[in-house]
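Read the structure below first, then the notes.
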Amino acid sequence: MQVDEVLIRNVVAQVLAEVGPPPPVTSGGHAGRHGVFTDADEAIAAASEAYNQLCERGMGDRKRIIDHIRRISVDQCVELGTMEMEETKIGRLEHKFEKLKTLGEKSPGVEFMKSEVFSGDHGLAVIEHAPFGVIGAITPVTHSLPTITGNAVNMIAAGNSLVVNPHPSGKRVAAEGVRRFNEAIHRDMGIDNLICVIAEPTLETADIIFKHRDVKLICVTGGPGVARAALNSGKRAIVAGPGNPPVVVDETADLDRAARSIIQGASYDNNLLCIAEKEVFVVDQVFDRMMDAMERAGAARLLCKEIAELTRNAIIQVGDDKHDAPSKDFLGQDAAVLARGAGRPVSDDVELLFGETDESNPFVSVEQMMPFVPFVRVRDVDEAIVKAKQYEHGFKHTSIIHSTNVHNMTKMGRALETTLFVKNGPCMASLGLGGEGYLSFSIAGPTGEGVTTPLTFTRERRCSMIDDLWILGRP
Ligand code: NAD
């Protein structure tokens, strides 16, 4: 052997030891695109190729793929979160970082992929959870890349690939995040385009995804319009729709704890969370004390005429029926910006504004997504529950009570029938952030899947062995 040859072999061995073996050669015509497409049909074709390649791999490889998504979401949360903030211009920068990090760390992955077994006199049946194939996902502007992160972890853990039509106002960060995920996955695993994104999303590209025969399942996260569109798509749809979460505070509540919880939940990312506290019904007996507790906990109270001024500026009338909606100038903006709109400046460190309104104020019925929360005085807990149900609008999304009376909690839980029902904590505790349970940013109320997990994106398959393999049975 020549000296040069030995040297080269040694160098190659050293490189391999450091970076691992090169990925297997990728088949398919779209490798190298890293998931970013302008043409929806092409994106679906690329995601189909990726799905077929994933089918050849085991659960260990799915985990390794997901670990890249997790690592990038966590390690690059500052850069990607800043990008999301600069593009969408809503919410709070520190929460953009935190959401990416949280979704990266906590989204349910392959550990949720469990099978069920029935065994007995007639043998053994194993029920396994198989992928659908290519899933079409629609994501909101309120959490553009975080929703993609959570969806991708769930869906790939279940063995699927996905094509995302992001909100047009969050399309750049969506494409950049997806590009980074795919690049890392491709480099390590040799599969590209497991997550595809439409770089210039429109209603037409969404429609192509909804109707395409190679898209086997739809998952939409957004408001009433997209929820309706998905349900009319003719495909099985998992719909994570809108909410308007009401809060009830009864006379038995720990008022300081309630105030801290409401501020934490309602001010998070300037009230963009679909689960966030949007309107509060407080029984008359403790109403004034609750308002004091809110001020003690750091929220700024607006006077009646200031609320009227904010309402004039921040709630607009849209559509043919001129229904109330949040104004883009105020949606997701800081409390200090809203306070200026109310004609009452507050310091930049104030996280939440609040004040007494009656139930006819549009802040009660509208999903405002901005850090002003109306407090409505009610006679007793029964009236509070009736009004909470009325203004939740039957979305059955999220509701919250602050109380130490288990009977009142039970009454409210039964009446509202929401997917998430929180007692004595901020809204996010219901997603395992300060409470028990697990996390997803796609909470499917209307179609019933609840907080999504990998199993949400699977189809059941049963494998039956007749008269054998019940090893406990008698011959
Ligand atoms: P949005 O409804 O304006 O848009 C959501 C997505 O749907 C976007 O990508 C948008 O382009 C698309 N879209 C809208 N109409 C469509 C149609 N007819 N056909 C196809 N696509 C369409 O909502 P948003 O402002 O981006 O997000 C906020 C809303 O999302 C709130 O109502 C909030 O409650 C809801 N949301 C729900 C969850 C949940 O888990 N249930 C999570 C986050 C946000």
Residues to consider are Leu469, Leu420; find the one that is in contact (Cβ under 8 Å) with a residue 60 or more places away in the chain and within 12 Å of the ligand (Cβ to nearest atom). Leu420
Say whether the condition of being open to solvent by less than 40 Å² (accessible area, probe 1.4 Å), within 20 Å of Ala47 (Cα to Cα), more than 7 Å from the ligand (Cβ to nearest atom) and part of a loop (DSSP other than H, G, I, E, B) is met by at least one residue in the stretch 166-182. no
How many residues are near the ligand (Cβ under 10 Å from one of its atoms) and either part of a strand (DSSP E or B) or open to solvent by less than 10 Å² (accessible area, probe 1.4 Å) (or both) if we restrict to the stretch 239-250? 6
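So, Ala429, is that one closer than 30 Å to Glu251 by Cα, crowded, with 20+ Cβ neighbours inside 10 Å and at pLDDT 95 or above or not? Even if it seems obvious, please write down each step before you answer.
Details: closer than 30 Å to Glu251 by Cα: yes; crowded, with 20+ Cβ neighbours inside 10 Å: yes; at pLDDT 95 or above: yes.
Yes, satisfied.
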Considering only residues of the stretch 190-222 that are open to solvent by less than 10 Å² (accessible area, probe 1.4 Å) and more than 16 Å from the ligand (Cβ to nearest atom), which is farthest from Asn244 (Cα to Cα)? Gly190
Restricting attention to the stretch 292-306, the residues that are outside any loop (DSSP other than H, G, I, E, B), over 31 Å from the mean Cα position of the chain (by Cα) and either within 23 Å of Pro362 (Cβ to Cβ) or among the polar types (S, T, N, Q) (or both) number exactly 3
Selected residue (only one of Ala137, Ala130, Ala152, Ala125 is open to solvent by less than 20 Å² (accessible area, probe 1.4 Å), under 16 Å from Thr453 (Cα atoms) and out of contact with any helix residue (DSSP H, G or I) (no Cβ under 8 Å at 6 or more places or on another chain)): Ala130
What do you reckon, is Thr404 in contact with a strand residue (DSSP E or B) (Cβ under 7 Å, 6 or more places away or on another chain), open to solvent by 20 Å² or more (accessible area, probe 1.4 Å) and of a type in the set (Val, Ile, Thr)? no
Evaluate the stretch 353-360: report whether one residue or more is farther than 22 Å from Asp269 by Cβ, part of a loop (DSSP other than H, G, I, E, B) and among the polar types (S, T, N, Q). yes
Sole miss for Asp269 among (1) assigned to a strand (DSSP E or B); (2) in contact with a Ser or Thr (Cβ under 8 Å, 6 or more places away or on another chain) is condition (1)
For Val117, are the conditions met, namely being open to solvent by less than 10 Å² (accessible area, probe 1.4 Å) and more than 13 Å from the chain's Cα centre (by Cα)? no
Do we find a residue being touching a strand residue (DSSP E or B) at 6+ places or on another chain (Cβ under 6 Å) and not acidic (Asp, Glu) anywhere in the stretch 267-274? no
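From Ala259, Ala276, Ala253, Ala206, which residue is more than 18 Å from the chain's Cα centre (by Cα) and in a loop (DSSP other than H, G, I, E, B)?
Working: Ala259 fails: in a loop (DSSP other than H, G, I, E, B); Ala276 fails: more than 18 Å from the chain's Cα centre (by Cα); Ala206 fails: in a loop (DSSP other than H, G, I, E, B).
Exactly one residue qualifies, and that residue is Ala253.
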Condition met for Met59 (open to solvent by 60 Å² or more (accessible area, probe 1.4 Å), modelled with pLDDT of 95 or more and of a type outside the set (Val, Ile, Thr)): yes
Every listed condition ((1) touching a residue at least 60 places away in the same chain (Cβ under 8 Å); (2) surrounded by fewer than 16 Cβ atoms within 10 Å (Cβ to Cβ)) holds for Cys304 save (1)
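One line per residue, one yes/no per condition, for (1) open to solvent by 20 Å² or more (accessible area, probe 1.4 Å); (2) within 30 Å of the chain's Cα centre (by Cα):
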position	(1), (2)
Val286	no, no
Arg289	yes, no
Phe330	yes, yes
Ala335	no, yes
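Within 23 Å of Met291 (Cβ to Cβ) and free of Cβ contacts under 8 Å to residues at least 12 places away in the same chain: which single residue out of Ser360, Ser365, Ser399 fits that description?
Numbers: Ser365 fails: free of Cβ contacts under 8 Å to residues at least 12 places away in the same chain; Ser399 fails: free of Cβ contacts under 8 Å to residues at least 12 places away in the same chain.
Just a single option satisfies the conditions, and that option is Ser360.
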Could we say that Val282 is within 17 Å of Asn424 (Cβ to Cβ) and either crowded, with 20+ Cβ neighbours inside 10 Å or within 15 Å of the ligand (Cβ to nearest atom) (or both) here? yes
List the number of the failed condition for Glu449; all other conditions in (1) more than 16 Å from the ligand (Cβ to nearest atom); (2) closer than 19 Å to His143 by Cβ; (3) touching a residue at least 40 places away in the same chain (Cβ under 8 Å); (4) surrounded by fewer than 22 Cβ atoms within 10 Å (Cβ to Cβ) hold. (1)
Are any residues in the stretch 452-475 within 19 Å of Pro131 (Cα to Cα) and surrounded by 14 or more Cβ atoms within 10 Å (Cβ to Cβ), and if so, which ones? Thr452, Thr453, Pro454, Leu455, Thr456, Phe457, Thr458, Arg459
Considering Ser144, Ser107, Ser119, which residue is over 16 Å from Lys171 (Cβ atoms) and within 15 Å of the ligand (Cβ to nearest atom)? Ser107
By residue number, the members of the stretch 368-401 that are within 14 Å of the ligand (Cβ to nearest atom), open to solvent by 40 Å² or more (accessible area, probe 1.4 Å) and of a type in the set (D, E, K, R) are Lys396
Go through the stretch 223-238 and give me each residue that's surrounded by fewer than 16 Cβ atoms within 10 Å (Cβ to Cβ) and more than 10 Å from the ligand (Cβ to nearest atom). Gly234, Arg236
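The values are calculated or read from the model by the stated rules, or taken from the named source; none is laboratory data. Just so it is clear, the structure is predicted and the values come from calculations on it, not from any experiment. FYI the Cβ positions are ideal-geometry reconstructions off the backbone, even for glycines, and counts take in every protein chain you see. The area values use the complete protein model at the heavy-atom level, side chains included, leaving out ligands, DNA and RNA. Shrake-Rupley method; radii C 1.70, N 1.55, O 1.52, S 1.80 Å.
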